[in-house]
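Please treat every number below as a calculation from the coordinates, not as lab data. Only a predicted model underlies this, so the values are computations on that prediction, with no experimental measurement involved. So basically every Cβ, Gly included, is an ideal-geometry build from the backbone, and we count neighbours across all protein chains shown.
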Amino acid sequence: MAGLRAAALERIREIAGPSGVVDDPGQQAAYLVDERRLYQGEAALIVRPASTDEVSRILTICHEAGLAVVPQGGNTGYCGAATPDDPDRQVLMSFARMNRIRDVDPVGFTMTVEAGVVLARAQAAAAEHELFFPLSMGSEGSCQIGGNLSTNAGGLAVLKYGTARELVLGLEVVLPDGQVLHGLKGLRKDNTGYDLKQLFMGAEGTLGVITAAVLKLYPQPTERQTAWLAVADADAACRLLGAARRISGDCVTSFEYVSRASLALVLAHVEGVSNPLDQTYDHYVLMEMSAAVAQGSLREVMEQALERGMDSGDVLDGAIAESGPQRAGLWKLRESIPEAEKKYGGAVKHDVSVLISRIPEYLAAAPARVAALTDCYLSVYGHIGDGNLHYNLLPPAGSDPDSFRKQWAARLSQAVHGLAAEMDGSFSAEHGVGKLKKGELQRLKNPVDLAVMRALKQALDPRGIMNPGKLF
Ligand code: 2HG
Ligand code: ZN
């Protein structure tokens, strides 16, 4: 068996060629550890195929030889889904060389890209044609489209444009046995049975390998209005969201919540930021509207929404960005919360969702669940326009982050996730399951859902060679 595998690895090397294999231990290191440094991985080989044909030939060999494949994009995931853990059986497949923009269709508003295209490059390629690819997140300078789709990434514009899967019109996928699903027609309508592409998005590489995608593009927004607001409480934030969506004809692109404690972390640990308001408040919202409209008209709409919010008492205070740099400054307050948490010493991170209307209930109930276990510094923020909260728990000031994590992470996460599940929510709204949350998947996912997931895995990957140990 070992001899068969060694011969298979040799054939894979030949297919990828010298530049398609990473042998230097110094270079290997970055592929083998995950973004949050939760997992130190090991692999039999790190291969970087340059084409769908190479991926297909490599998978055919792996399938025959019983080698497993761990797909990896920009390696920015939070749950360890792209880290291999078997030095004899697992081949890490990186998509860094599959980075071609195959086509942009300015009539149909679509773009066909390979899995290894970095998200920011996909955005720029659309912009070259005066079009807009709306998927956007903190890691966009390094995360790749293949990873975005495999994890059904969320990010900062889900409220208006949806999660990654909603931005896809077709996929090219290599199945575990090397066969290729050619789904790049880019049709907007095709009612011919199961929507196969949906199976592979959010599957975290456990059913096959996404090698290319047809993405939906949109008109470029010509105006953006961004406001940093203090709101009375979470109920007020939810009412403001509804009012702003109505008043603007659904131009609210982002609606992000930031608690007093999360802002305090940013102000204490991140360079070049300042509090846009004179006072401090308990609850903030970063609201952005965007549209392709005549210059200035969205500003009036934003002001109208804020005036109404102030009249009703939902909005206590606020500042609207007057320039690009001011807008960037407001976004920096929100986007650098993860960096501030890291500088504080790290957080036990959560990514839960409930119905938007139940966000206040979640926020009211969660502190007691946490406090019943141990004292924590709560850094609560997130995409409340999507019903998604990052309910992050940091060690109290002065205590050691590593021992806090070792002692409490599992129990704290069970409490935070359990509350979301009790409220018919999700324990993982956007970061996925990977290795980190697979126990929680078994504990909290409906057994019928789990049985269907297992049946699909068995049908598509009966030999279990696709990203083993992830999700299940
Ligand atoms: C965000 O919304 C990301 O900034 C990261 O999803 C959240 O670091 C986190 O917990
Ligand atoms: Zn997020």
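Mind listing whichever residues of segment 361-389 are within 13 Å of ligand 1 (Cβ to nearest atom) and more than 17 Å from Ala421 (Cβ to Cβ)? First the steps, then the outcome.
Filtering segment 361-389 down to residues within 13 Å of ligand 1 (Cβ to nearest atom) leaves 378-386, 388-389.
Residues satisfying the conditions are Leu378, Ser379, Val380, Tyr381, Gly382, His383, Ile384, Gly385, Asp386.
Quick one: is Thr163 of a type in the set (Val, Ile, Thr), under 30 Å from Leu9 (Cα atoms) and within 16 Å of ligand 1 (Cβ to nearest atom)?
no
Consider only pairs whose beta carbons are under 6 Å apart and that are at least six residues apart or on different chains; among these, list those whose first residue lies in segment 385-403 and is farther than 16 Å from Tyr284 by Cβ and whose second residue is in a strand (DSSP E or B) and away from ligand 2 (no atom under 16 Å from the Cβ).
Here the result reads Leu394/Tyr377; Pro396/Tyr377, each pair linking segment 385-403 to a residue that is in a strand (DSSP E or B) and away from ligand 2 (no atom under 16 Å from the Cβ).
In segment 321-345, which residue that is free of Cβ contacts under 8 Å to residues at least 60 places away in the same chain and in a loop (DSSP other than H, G, I, E, B) is nearest to ligand 1 (Cβ to nearest atom)?
Restricting to residues being free of Cβ contacts under 8 Å to residues at least 60 places away in the same chain and in a loop (DSSP other than H, G, I, E, B), the top hit is Gly345.
Can you work out which of the residues in segment 367-376 that are over 16 Å from His283 (Cβ atoms) and surrounded by fewer than 20 Cβ atoms within 10 Å (Cβ to Cβ) is nearest to ligand 2 (Cβ to nearest atom)?
Arg369
Kindly indicate which of Gly387, Gly425, Gly434 is within 16 Å of ligand 2 (Cβ to nearest atom) and farther than 10 Å from Val352 by Cα. Reasoning before the result, please.
Numbers: Gly387 fails: farther than 10 Å from Val352 by Cα; Gly425 fails: farther than 10 Å from Val352 by Cα.
Just a single option satisfies the conditions, and that option is Gly434.
Could you tell me whether any residue of segment 348-356 is out of contact with any strand residue (DSSP E or B) (no Cβ under 9 Å at 6 or more places or on another chain), among the small types (Gly, Ala, Ser), under 19 Å from Glu430 (Cα atoms) and within 16 Å of ligand 2 (Cβ to nearest atom)?
Looking for residues that are out of contact with any strand residue (DSSP E or B) (no Cβ under 9 Å at 6 or more places or on another chain), among the small types (Gly, Ala, Ser), under 19 Å from Glu430 (Cα atoms) and within 16 Å of ligand 2 (Cβ to nearest atom), one finds none in segment 348-356, hence no.
Keeping to segment 7-50, report how many residues are out of contact with any Pro (no Cβ under 8 Å at 6 or more places or on another chain) and either more than 23 Å from Ser142 (Cα to Cα) or loosely packed, with under 15 Cβ neighbours inside 10 Å (or both). Quick ask: steps written out before the conclusion?
Of all residues in segment 7-50, those out of contact with any Pro (no Cβ under 8 Å at 6 or more places or on another chain) come to 7-14, 17-19, 21-31, 33-40, 45-50.
Within this subset, residues satisfying the condition of being either more than 23 Å from Ser142 (Cα to Cα) or loosely packed, with under 15 Cβ neighbours inside 10 Å (or both) are 7-14, 17-19, 23-27, 29-30, 37, 40.
The number of residues fulfilling the criteria is 20.
Is it true that Ser254 is touching a strand residue (DSSP E or B) at 6+ places or on another chain (Cβ under 8 Å), at negative phi, of a type in the set (S, T, N, Q) and surrounded by fewer than 23 Cβ atoms within 10 Å (Cβ to Cβ)?
No.
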